[in-house]
Amino acid sequence: MTDYLRKILTARVYDVARETPLEKAAHLSARLNNTLLLKREDMQSTFSFKLRGAYNMMAQLPPAVLRRGVICASAGNHAQGVALAAKRLGGHAVIVMPVTTPQVKVLAVKARGGEVVLFGDNYDEAYAHARAIEKKQRLTFVHPFDDPDVIAGQGTIGREILQQHPGPLHSIFVAIGGGGLAAGIAAYVKRLNPGIRVIGVEPFDSDAMYQSLKAGRRVRLDRVGLFADGVAVRQVGKETFRLCRRHLDEVVRVSTDDICAAIKDVFEDTRAVLEPAGALAIAGAKAYVERHRLKGETLVAVACGANLNFDRLRFIAERAEVGEHRESLFAVTIPEVRGSLKRFTALIGHRNVTEFNYRIADAKAAHIFVGMSTAGRAESGRIARHFSRHGFKTLDLTGDELAKLHLRHLVGGRSALAKNELLLRFEFPERTGALAKFLNAMSPNWNISLFHYRNHGADYGRILMGLQVPPAEMKAFRRFLTTLGYRYWEETGSQAYKLFLR
């Protein structure tokens, strides 16, 4: 059995890594009524903790092996660590990255001397390709998480946290992708101070560790979300699962909106802009505090990365207010008579209106899409009930993906020509040819009656499409959707669609 305490204490990481500060997030601490300390791994030279594990593993390799070359598969942060370690140790590094990897990470790997090979839509496809190259070229594979030396390298963060804060700690929150960071920190902290809770954090759409711990075995996800690309792993490692099952107290899951809000929170406290995976632990700490109504405790969240494509800021800024429950969205129906709009705006009172969309569409009723600043999760429900009590039927759309992604940009798009229209949301890979694949597979008898797309700087394009399909061809249409291979959600029955577009 590996002695992780000894391996962490003797890990070779400080040739390339620095001991990062443990800083209080003053504004966020005040809001949470707890002291939240940020472990600033975003301040490493590669803007991520990953160089610790990569260097520690590679530093154990013989010089001849390093000269022959190493290879890894990575969405970016581990890749930079491997490239930097190879350059420092006199070796050659081949890095296989998914084609969806943010460009900032690709360029950073090349700048550190790594040979980049782009392959596959996700980590698993890149991993399989890297393994094939490993055998063909007799290279040494540097695993991003499921290796004792990599785990020990990441575990040095746990050692630093306990040294930097010798006083009482309630919990340490750690992002989980493959599990190397959580396994290393938990193995060290639980050995020295088992009373400190170590809590993993995953996105709802990439929760391989949560599902595995729940099932008591490693679970392989059918697909993973790519917004937090640094943790987009379908299956956790064997060793990381063993360690997390033994040492981790629990796993908290958060939404994309929660992550966006956490990125903004950290920016407001530090002026640093974390990547989605880098802000995951902060989002988890906030969710945990709210769920357990925690007060007066000291918490640590590992800010583990800041390799963010600048284009993603558009999407993050748009969703952060909703994630922080500082913006709510509503569909409000008012009678199409003189004075109705004035009465409605009087009910809004002094609240800040963030969005207001309206177009005349009916002789009797008007449907308004309105966004408003709010001060908490429960407030949107109170506002909706307030409007309804005063005769304005209101639908709370704050949690509605269709509304947040598309409808807010399409209000007023009714058409009498849209017969037999089906409404579907799709996720297309954000790369050339994705739409062409869709169009080439379509029957020429099906007409596109609505199309909405907006580039959010994410790895997947989000598209809303209206399709006119003759009733006799519905079976063929369902087969088309099944074989296409793109994620989709049918929204034809959506109440919001009926109000604004149908």
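What follows is calculated from the coordinates using simple rules that are stated; it is not laboratory data. As the structure is a computational prediction, the values presented were derived from the model and not from experiment. Ideal geometry is used to build each Cβ from the backbone, glycine not excepted, and the neighbour counts take in all protein chains shown.
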Please go through region 244-328 and write out the chymotrypsin sites (Phe, Trp or Tyr not before Pro) that DSSP classes as loop and that have at most 11 other C-beta atoms within 10 Å.
-> PHE310
For the chain, the fraction of alpha-carbon pairs in successive 20 Å shells from zero, as % | 22, 49, 25, 4, 0
Alpha-carbon centroids, region 252-326 and region 370-425: separation in whole Å = 25
How large is the charge dipole for region 1-138, taken about the Cα centre, if only the Cβ atoms of Lys, Arg (+1) and Asp, Glu (-1) carry charge, to the nearest 20 debye?
-> 380
Taking the dipole about the Cα centre of the chain, with the C-beta of Lys and Arg at +1 and of Asp and Glu at -1, give me whichever of PRO168, GLY485, HIS143 is farthest to the positive side.
-> GLY485
One would report the antiparallel percent of DSSP beta bridges in the chain, rounded to the nearest 5, as 60
In nm, what is the difference between 0.36 nm times the number of residues separating PHE451 and GLU490 and their Cα-Cα distance?
-> 12.6 nm
Per 5 Å bin, what is the whole-percent P(r) computed from every C-alpha pair distance within region 325-399?
-> 3, 16, 30, 28, 14, 6, 2, 0
Measure nothing fancy, just the Cα-based angle from helix 123-137's long axis to the longest principal axis of the chain, in degrees from 0 to 90, nearest 10.
-> 40
Relative packing of peptides 225-231, 394-400 - highest average C-beta neighbours within 10 Å first = 225-231, 394-400
Calculate how steeply helix 280-292 sits against the longest principal axis of the alpha-carbon atoms of the chain, using the helix alpha-carbon long axis, and give the answer as 0 to 90 degrees to the nearest 10.
-> 70
For the chain, longest principal axis from Cα atoms; helix 238-247 axis from its Cα atoms; angle between them, nearest 10 degrees, is 80
Does region 84-157 come out rounded, prolate or oblate, given a ≥ b ≥ c as the square roots of the eigenvalues of its C-alpha gyration tensor, rounded meaning a/c under 1.5 and, failing that, prolate meaning a/b above b/c?
-> rounded
Relative contact order (percent, whole number), the chain, Cα cutoff 8 Å, 6+ residue spacing = 13
Filtered trypsin sites (Lys or Arg not before Pro), region 79-152: DSSP coil and at most 12 other beta carbons within 10 Å | ARG138
Sparse-neighbourhood loop hits (chymotrypsin sites (Phe, Trp or Tyr not before Pro), region 1-100; DSSP loop; Cβ within 10 Å at most 12 others) -> TYR14
Output the peptides 368-374, 173-179 sorted from most to least packed, where packing is the average of other Cβ atoms within 10 Å over each peptide's residues.
-> 173-179, 368-374
Could you name the lysines in cross-link range of LYS264, using Cα to Cα under 25 Å and dropping any fewer than eight places away on the same chain?
-> LYS24, LYS39, LYS50, LYS105, LYS286, LYS295, LYS404
